[in-house]
1. Assuming R0 = 35 Å, what is the FRET efficiency of GLU132 and SER267, from their Cβ-Cβ distance, to the nearest 0.05?
2. Just tell me which aspartates and glutamates come within less than 15 Å, Cα to Cα, of LYS222; anything on the same chain fewer than 8 places away is out.
3. Where does each of 216-226, 98-108 land if you order them by average Cβ count within 10 Å, highest first?
4. Equivalent ellipsoid semi-axes for the chain, as square roots of 5 times the alpha carbon gyration tensor eigenvalues: give them largest first, rounded to whole Å.
5. With 23 Å as the cut-off, how large is the P(r) tail for the stretch 39-142, expressed as percent of Cα-Cα pairs?
6. Got a sec? How would PHE7, PHE151 order by Cβ neighbour count within 10 Å, fewest to most?
7. Could you put SER164, SER259 in order, starting from the residue whose Cβ has the fewest other Cβ atoms within 10 Å?
8. With the convex hull built on the Cα atoms of the stretch 137-225, state its orientation-averaged projected area in nm².
Amino acid sequence: MSFTIGFIGLGAMGSLMADNLLQAGHTLRVWNRTPARCNPLVAGGAQAFASPAQAAQGADFVVSMVADDAATAEVMLGAGGVLETFRGQAIIDCSTNSPAMARRVAQAASAHHTAYLDAPVSGSLAQARGRELVFMVGGDAQAVAAATPLFEAMGRMVRHMGESGSGATVKLINNMMSGTVNAAIAEAVSVAEAAGLDVMKVGELLAEGAAGCRLMKTKIPKIAARDFSPQFQLGLMDKDLRYFLDMARELDRPVPMASAARHQMQSARLAGLGTQDVSAVFAAFGGQAPAPKK
């Protein structure tokens, strides 16, 4: 079964997800703040529009992938936003938002008699390209079931976590753990280099130990090569850790490790590394800026 989908936000992740929906046979109506990013999808059969409201009008579903709460509020609730026109089955918001924002948009969508799913993803560019994303979803169970063909076209797993905001909550927990591990990897590499060790050999051994994980296999080589081309931008990780700390404060939970990791990400962002890969947090530990681009 094919659907008409309004897709909002064609950044590095969104463009890959939208293309997978297009390849699965769905009809795409797309919008992006920078219109030129629509061109590759238009060449593949999508139709571009001048506002989120226009892209959403007449669609069965809307999928959104934007940067943060402010962008979500603008494209969903602002003038020319999705809720001005969308009356389809569900909005699937894959952005990493705060739970409070997810609940706010869900309430507004309900007033328009449509469902809003906070459905952020686990995975980066390789997983988006290969349809291997994992979706953690909050919202109405029937809407989740109806949207399953879309999730299957973009990823390998979907889990309904509960009411509105629960998907966003799990995503912030996930990114807190990822950010903390990234900071720990950068600290470890800094010490290994200072000790005169071969970082790639160190990384190979660490990845086989009890603490081994996918991040070690992807981030240690990037640090060793000083290749900080973005897979996931450091500035976005800093934002996600900030949202996590706000959520933990609301829940009255102590989170000292997350606080330390956020301090490092914030320092690196303020040092001008926000658009680099999250592994560029290494510069905050090692005192070494990324190598100049060739």
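Here, each number is a calculation from the coordinates, and none is a lab measurement. What you see is a predicted model; the values in this text were computed from it and never measured. When we count neighbours, we look across all protein chains shown, and the Cβ atoms used for this are built from the backbone with ideal geometry, even at glycine.
1. Details: r = 32 Å, r/R0 = 0.93.
That pair, GLU132 with SER267, gives E of 0.60.
2. GLU187, GLU193, ASP198, GLU204, ASP277
3. The peptides rank, most packed first, as 98-108, 216-226.
4. Details: eigenvalues 245, 84, 58 Å².
One finds semi-axes of 35, 21, 17 Å for the chain.
5. On the way: 1442 of 5356 pairs.
So the pairs more than 23 Å apart make up 27 percent of the total in the stretch 39-142.
6. On the way: PHE7 31, PHE151 23.
The order, fewest Cβ neighbours first, is PHE151, PHE7.
7. Values: SER164 23, SER259 14.
Final ranking by Cβ density, sparse to dense: SER259, SER164.
8. Working: hull surface 29.2 nm².
Dividing the Cα hull surface by four gives the mean projection, 7.3 nm².
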